[in-house]
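The values are calculated or read from the model by the stated rules, or taken from the named source; none is laboratory data. All values reported here derive from a predicted model rather than from experimental measurement. Please note: Cβ atoms are built from the backbone with ideal geometry, for glycine as well, and neighbour counts cover all protein chains shown.
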Amino acid sequence: MAEKYFHHALKFRREVCIGCSHCMNVCPTQAIRIHSGKAELTDNRCVDCGKCYMACPVGAIIVEQDDFSQIFMYRHRIALIPGVLLGQFPGKVTNMQIYSVLLDMGFTEVEEVEKGTGILRMAMDSYLQENHHLKPLISSFCPAIVRLIQVRFPSLTENIMLLKAPLDVTATYIRKKYAEMGVDPKEVGIYYITPCAAKIAAVKSPVGDKFSQIDGVINMDVIFNKVYTAMKQGFAGKNQCSLPVSAPLKPFQQLWTLTEGEASLFPGRSLAIDEISNVIEFLEKLENEETCDINFLELRACDQSCAGGILASGNRFFTVERLRKTAIETAAKEDTKVVEASNDILNHTQHLLQNMAVSKVLPRAMDKLDEDMKMAMLKMQMVREIMKTLPYVDCGLCGAPTCRALAQDIVQGKAKITNCIFIQKKYEQKNWLNPQETMDILKQVWGDDKFTDPDNTKFVTL
């Protein structure tokens, strides 16, 4: 059995799956196979990017989340919300109204994830200066990208910045704040409202950290629906009096989760690339040393970064527009010095900087054919030999996304050469297989249902 490298937030429901193979065809890491007419996930390849979730036409793939009622196990219940949640709502809805509904739902405090990005920016500045010889340095912001590099571009893991993501920085601040108040840590529950599956996986099995400061994760589409429904029913505003007055985020903080949110902040040559297919294309060039002299890379798995997260209910372009408009308005207020409020997190700068680092990110090569190097080399040669007999069509009828993926599965004992429809036809011509045997092979991949005639079917002959 293959080692399970990561926790995965994406779950496949076999009872719903129709074996259409849409998910298999869009997966950027070839983590999905079709067996017995059902999609199956290969754990050590999946990076929780959510492409399969978006492609599934029947809702057979779901994103796990913690039970909302769990928040009531804690006396102090903090909702840690990303800026893109605020950008989901129409402009007439204020942030205070959103916070108020969240308090009505049971939370005792609301904090924005990007609150810690001011101090994170200081840490990133220092990191870039101290590691200027290592080019390019890659932001650790997007957990799907970190995992992608681990499994598909293992030689680039040393380029990942070994710093916490904003989510973890702000959670660390909250823990410290309540500890200074004398509150028992067991009474503090921090729940992150996530726009994507990868951040759930990052909380459940963090890369570079032994554990997460987050107690639970709730999907953003669920929270958006609850908040928006409450507002439509006129329930917003009850708890506004209990909202703390704190300094609003600076414009760069409000834009941090959007494309170019990080890349625009640092000197030297910086690039911002979003959408995982674009990222893969660029990293392939980088790994082959076709590109160079880049200081910093901001890589995001989703189109328009977190605004395009799979759990975002609103249109990503409208979300980006709203957040950019908010940042412009905030900048105007800063210029006129209208905004004056406390910013308690700055009092914890030293503590946060001291706890900013994470341990080394290790490769998790998805194409590792064997633990023994000699055997791995032998299997690699076997893959090359098998590829000579395959058609290079990548049709997916074998239940694997590409011919090479099938060859690797064959070497690993997970498939047979006769899974290939072209090989089947060749074998039939040579009388090595009969039509019934071919049909049995196809049923093993695609299930019996696809080859069973429904009642009263009328076949059209041309």
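Things to note:
- Any hit, region 382-392, residues being surrounded by fewer than 19 Cβ atoms within 10 Å (Cβ to Cβ), within 30 Å of the chain's Cα centre (by Cα) and either at pLDDT below 95 or assigned to a helix (DSSP H, G or I) (or both): no
- Condition met for P363 (outside the structural domain of T157 (by TED's automatic domain parsing) and either assigned to a helix (DSSP H, G or I) or at pLDDT 95 or above (or both)): no
- Residue ID - nearest to I214 (Cα to Cα), chosen from residues in region 74-133 that are of a type in the set (V, I, T) and in contact with a Pro (Cβ under 8 Å, 6 or more places away or on another chain): V113
- When E290 is tested against (1) assigned to a loop (DSSP other than H, G, I, E, B); (2) within 21 Å of E112 (Cα to Cα), exactly one condition is not met: (2).
- Filter result (in contact (Cβ under 8 Å) with a residue 60 or more places away in the chain and either closer than 28 Å to R316 by Cβ or crowded, with 18+ Cβ neighbours inside 10 Å (or both)) within region 166-177: P166, L167, V169, T170, A171, T172, Y173, I174, K177
- Residue within region 45-63 that is touching a Lys or Arg at 6+ places or on another chain (Cβ under 9 Å) and farther than 30 Å from V26 by Cβ present: no
- Restricting attention to region 182-198, the residues that are buried (at least 19 other Cβ atoms within 10 Å of the Cβ) and either among the β-branched types (V, I, T) or in contact with a strand residue (DSSP E or B) (Cβ under 7 Å, 6 or more places away or on another chain) (or both) add up to 8.
- Hey, F318 touching a Ser or Thr at 6+ places or on another chain (Cβ under 9 Å) and either at positive phi or surrounded by 13 or more Cβ atoms within 10 Å (Cβ to Cβ) (or both) or not: no
- Residue match in region 30-50 (condition: among the aliphatic types (A, V, I, L, M), surrounded by fewer than 17 Cβ atoms within 10 Å (Cβ to Cβ) and touching a residue at least 12 places away in the same chain (Cβ under 8 Å)): no
- Condition check for A307: surrounded by fewer than 18 Cβ atoms within 10 Å (Cβ to Cβ), in contact (Cβ under 8 Å) with a residue 60 or more places away in the chain and in a helix (DSSP H, G or I): no
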